[in-house]
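Undergrad: Below is one structure. I have some questions about it.
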Amino acid sequence: MKKTMYEKIWDAHLVRSSADEVPILYIDTHLVHEVTSPQAFEGLRLNNRKVRRPDLTFATMDHNVPTTDRSLPIKDLIAAKQMETLAQNCSEFDIPLYDINSPEQGIVHVIGPELGITQPGKTIVCGDSHTSTHGALGALAFGIGTSEIEHVLATQCLLQHKSETFEIRVDGTLPFGVTAKDIILSIIGHIGIDGGNGAVIEYTGSAIRALSIEERMTVCNMSIEAGARAGMIAPDDTTYEYIAGKRFSPKDEAFDAAVEQWKQLPTDDGAKYDRTLILDAAEIAPQVTWGTNPGMVTDVTGQVPDPAEMASTDEKQATEHALAYMDLKPGTPMTDISVDRVFIGSCTNSRISDLRAAAEVVKGRKVADTVNAMVVPGSQAVKRQAEAEGLHDVFRTAGFEWREAGCSMCLGMNPDTLMPGQRCASTSNRNFEGRQGKGGRTHLVSPQMAAATAVTGRFVDIREFSS
Amino acid sequence: MEAFKEHVGLVVPLDRINVDTDQIIPKQFLKRIERTGFGEFLFNDWRYLENGDPNPEFVLNHPRYTGASILISGVNFGCGSSREHAPWALQQYGFKAILAPSFADIFRNNCYKNGILPITLHADVIATLSKAAHKTEGYRLMVDLEEQSVVCPDGTAHTYEIGDFEKYCMLNGLDEIGWTLQYETDITAFENQNRL
């Protein structure tokens with residue numbers, strides 16, 4: 001029988017499957033962070049249960065860590081308590097932890113691939129919806145809640161229903177100035193924020209194949225913003241080259257043997273997906289969101305939409321709410337919108353290639369006087385690499401703040417937040433109301449677009465800016 | 001988890017689509033290490049004014065909905081993050097069931113694990129129920145899990161789908177970890193077979 005990649009990974013991880021029960025799926029890797037795990041560890045203690053496989057569990061601190069000087073005490077005592085709790089739990093249950101002072105610390109979805117923990121064919125879970133990021137290497141990776149974290153800690157398994165498969169094929173060549181971020185924002189604009197609800201998306205097509213692994217991570221990362229359970233891309237030579245030599249990747253003959261196995265993973269010719277959507281890369285323009293969810297997005301050459309033109313009453317009301325919150329008027333060209341803040345970071349766009357692309361744009365230029373801009377590398381390793389390449393000097397000279405690694409202003413659990421009414425060009429993944437700070441207004445863009453916006457003080461078409 | 005058989009409660013309509021988990025429980029309240037204490041922060045940014053007073057405009061603050069335990073909302077309820085703090089906040093506020101035309105995937109799973117029943121009904125039915133809740137003060141519904149139905153005051157019943165296992169877990173307040181652990185020999189066999 002011809003199978004999709006999802007079906008192959010699913011079948012290979014079934015511990016138990018019978019007609020009248022929910023299948024039990026084995027989990028190869030469990031990633032843990034400070035915010036969604038404390039209640040799960042507490043649950044284990046209350047029931048006198050152990051962590052079944054601490055050796056398959058990895059923890060880091062990312063969501064609420066400060067991105068300022070790490071030698072100073074953490075001012076937010078509740079956040080400090082949460083980090084301390086993770087450290088105690090990892091110590092008690094013997095789980096490896098990359099804590100705030102570790103040279104490997106970083107956003108969980110940045111360090112997983114970086115350390116070679118993320119590998120093709122694996123099942124990977126984490127108490128964070130952007131776990132779909134790891135699908136970029138051909139893994140089945142998805143976010144889970146705290147009860148499920150406890151379940152995986154105790155059993156190394158999950159009770160799972162099989163998902164629908166959804167192929168999104170992007171053929172053709174991306175135009176100049178158009179990035180992986182624009183691909184995924186454009187997809188979400190097409191199918192809507194519930195367009196992939198519960199499905200496992202496999203991204204295929206020549207435009208996807210042409211992406212680097214870091215770019216593929218950007219695409220898979222935002223699968224959840226279309227409601228998908230997971231997003232994945234078949235492994236290929238680009239994947240194997242990326243994995244080779246990483247700390248936890250197989251070495252020597254073991255690596256060759258692993259590659260042979262990984263080559264069996266891609267979807268068989270003729271295998272059937274439940275749904276397929278085909279897009280032309282050539283038609284994708286740089287994207288900017290105008291509203292309060294990632295589906296409220298348009299080309300940078302577009303305008304703020306008119307609620308009166310929405311298809312349904314619900315959509316009309318939602319658009320009215322969004323425009324009121326965002327303080328935008330229908331018909332305003334996106335390039336007329338000015339910003340107060342620029343944030344380059346998050347598990348979507350904080351890797352070295354993102355920082356290189358942004359630095360290329362700001363090199364020799366200055367951040368507009370009206371703008372406060374910051375760069376938050378995704379991990380300490382990304383930060384070290386950027387500094388070795390002198391990118392931090394490029395950013396600082398231009399007027400950007402250069403910070404320590406963490407989730408930072410993607411969700412503003414740490415002190416990095418927008419003030420009420422502030423407008424931000426952000427490379428992150430969610431523009432929900434209050435996401436970056438109560439009353440803050442978020443516009444999602446690519447790193448290049450964010451960098452150019454920092455310079456001009458308003459949204460600008462990167463294709464004109466860079467040419 | 002507390003078992004759920006049936007529930008009769010006051011209905012509050014939240015007429016919005018795509019209500020995301022950042023609205024249900026904003027991130028500034030995710031730093032607690034306990035499972036409790038989230039109810040007072042449910043819908044915080046909509047529910048309270050800048051000065052901390054209740055926002056009289058927000059539907060949960062209308063006196064007629066005090067004590068509501070059934071929430072009706074629009075499509076894709078619970079989209080966004082995987083934070084289980086969202087169902088915790090809803091449950092600790094007092095909600096037992098949420099009715100919507102669709103739910104986000106992870107949120108729906110998280111509800112089942114906390115004894116909150118996410119009920120998917122056709123958009124037309126949701127619109128009808130929401131209108132009735134607006135029109136009639138004290139509008140109550142009965143949510144029956146055994147029968148998989150939502151019963152209106154006039155006796156009209158709307159049936160809904162739920163997975164057999166989810167239903168079994170909710171009806172019995174089942175400890176799912178205990179369920180999986182009964183198959184520990186299968187897990188060990190899988191690990192041995194795959195050299196994990």
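Undergrad: Kindly state, to the nearest 0.05, the FRET efficiency for A:L77 paired with A:Q264, given R0 = 41 Å and r defined as their beta-carbon distance.
TA: Efficiency computed from Cβ-Cβ geometry: 0.20.
Undergrad: Can I ask one more? Counting only GluC sites (Glu not before Pro) that are in a DSSP loop and have at most 11 other C-beta atoms within 10 Å, tell me the longest site-free stretch of chain B.
TA: For GluC sites (Glu not before Pro) (loop position, at most 11 other Cβ atoms within 10 Å), the longest site-free span of chain B is B:58-136.
Undergrad: Also, I was wondering about something else. Sort A:D236, A:D274 from largest to smallest accessible area, using a 1.4 Å probe on the heavy atoms of the protein chains.
TA: The ordering from most to least exposed comes out as A:D274, A:D236.
Undergrad: Can you give me the accessible area per residue for chain A, using a 1.4 Å probe, in Å²?
TA: 34
Undergrad: With θ set to phi - 60°, apply the Karplus curve 6.51 cos²θ - 1.76 cosθ + 1.60 along region A:48-53 and write out the HN-Hα couplings as whole Hz, x wherever there is a Gly or Pro.
TA: Here the 3J(HN,Hα) series is 6, 10, 9, 7, 5, 9 Hz.
Undergrad: Additional query: Taking the full set of protein chains and a 1.4 angstrom probe, give the accessible area of A:C410 in square angstrom, rounded to the nearest 10.
TA: Probe radius 1.4 Å; accessible area of A:C410 about 10 Å².
Undergrad: Chains A and B: what accessible area do they bury, summed, in square angstrom to the nearest 100, with a 1.4 Å probe?
TA: Buried area (both sides, nearest 100 Å²): 5000 Å².
Undergrad: Mind pulling the per residue volume of the convex hull built on the Cα atoms of the protein assembly as shown? Å³ is fine.
TA: Roughly 150 Å³ of hull volume per residue.
Undergrad: Out of all DSSP beta bridges in the protein assembly as shown, what portion is antiparallel? Express it as a percent rounded to 5.
TA: Restricted to the protein assembly as shown, the bridges split so that about 30 percent are antiparallel.
Undergrad: Given an 8 Å cut-off on Cα distances and at least 6 residues of separation, report the relative contact order of chain A as a percent.
TA: Answer for chain A is 17 percent.
Undergrad: For peptide B:80-93, compute the average count of partner chain beta-carbon atoms within 10 Å of each residue's beta-carbon.
TA: Neighbouring Cβ atoms belonging to other protein chains average 5 per residue here.
Undergrad: Tell me which DSSP H helices of chain A clear both cut-offs, 30 Å or more of axial length from alpha-carbon atoms and a mean Kyte-Doolittle hydropathy of at least 0.0.
TA: Within chain A not a single helix satisfies the rule.
Undergrad: Give me the percent of accessible area attributable to carbon and sulfur for the protein assembly as shown, probe 1.4 angstrom.
TA: That fraction is 48 percent.
Undergrad: Can you sort A:T238, A:T179, B:T159 by 1.4 Å-probe accessible area, starting with the largest?
TA: Ranked from most to least accessible, the order is B:T159, A:T238, A:T179.
Undergrad: Here is a further query. Would you mind pulling out the separation of the Cα centroids of region A:1-38 and region A:79-104, in Å?
TA: Centre-to-centre (Cα) distance: 26 Å.
Undergrad: Here's something else I'd like to know. For A:D128, what is the net charge nearby, where nearby means another residue's Cβ is under 13 Å from its Cβ and Lys, Arg count +1, Asp, Glu -1?
TA: -1
Undergrad: Tell me which chymotrypsin sites (Phe, Trp or Tyr not before Pro) from region B:14-81 have a DSSP coil assignment and no more than 16 other beta carbons within 10 Å of their own.
TA: B:F58
Undergrad: Also, I was wondering about something else. Checking buried surface per residue: for region B:101-115, which residues lose a minimum of 10 Å² accessible area in the protein assembly relative to the chain alone (1.4 Å probe)?
TA: Correct list: B:S102, B:F103, B:D105, B:I106, B:N109, B:N110, B:K113.
Undergrad: Indicate the residues belonging to region A:130-155 that lose 10 Å² or more of solvent-accessible heavy-atom surface (probe 1.4 Å) upon moving from the chain alone to the assembly of all protein chains, ignoring ligands and nucleic acids.
TA: Those are A:G143, A:I144, A:G145, A:T146, A:S147, A:E148, A:E150, A:H151, A:A154, A:T155, which lose 10 Å² or more relative to the chain on its own.
Undergrad: While we're on this one: Treating the angle as unsigned and between 0 and 90°, give the value, to the nearest 10°, between the Cα long axis of helix B:123-135 and the longest Cα principal axis of chain B.
TA: 40
Undergrad: State the Cα centre-to-centre distance between region A:203-247 and region A:255-302 in whole Å.
TA: Cα centroid to Cα centroid, the span is 9 Å.
Undergrad: Round to a whole angstrom and tell me the spacing of the C-alpha centers of region B:122-182 and region B:25-54.
TA: 26
Undergrad: With the other protein chains left in place, how much accessible area per residue, in square angstrom, belongs to region B:41-196 at a 1.4 angstrom probe?
TA: Here the residues of region B:41-196 average 42 Å² of exposed surface.
Undergrad: Right, another one. For region A:57-64, what does the Karplus curve 6.51 cos²θ - 1.76 cosθ + 1.60, with θ = phi - 60°, yield as ³J(HN,Hα) per residue in whole Hz, taken in order and with x for Gly and Pro?
TA: For region A:57-64, the Karplus curve yields 10, 9, 10, 8, 10, 9, 5, 10 Hz.
Undergrad: Return the Rg/Rh ratio of region A:5-262 with Cα-based radii and a Kirkwood Rh.
TA: Over the Cα atoms of region A:5-262, Rg/Rh equals 0.97.
Undergrad: Continuing with this model, one more query. Name the trypsin sites (Lys or Arg not before Pro) in region A:361-434 that are in a loop by DSSP and that have at most 15 other C-beta atoms within 10 Å, would you?
TA: When the trypsin sites (Lys or Arg not before Pro) of region A:361-434 are filtered for loop state and at most 15 Cβ neighbours within 10 Å, A:K363, A:K366 remain.
The values are calculated or read from the model by the stated rules, or taken from the named source; none is laboratory data. As the structure is a prediction and not an experimental result, all values here were calculated from the model. Every residue, glycine as well, gets a Cβ built from its backbone with ideal geometry; the counts of neighbours run over all protein chains shown. When the accessible area is computed, the model is the full protein with side chains, heavy atoms only, and any ligands, DNA or RNA have been set aside. Shrake-Rupley method; radii C 1.70, N 1.55, O 1.52, S 1.80 Å.
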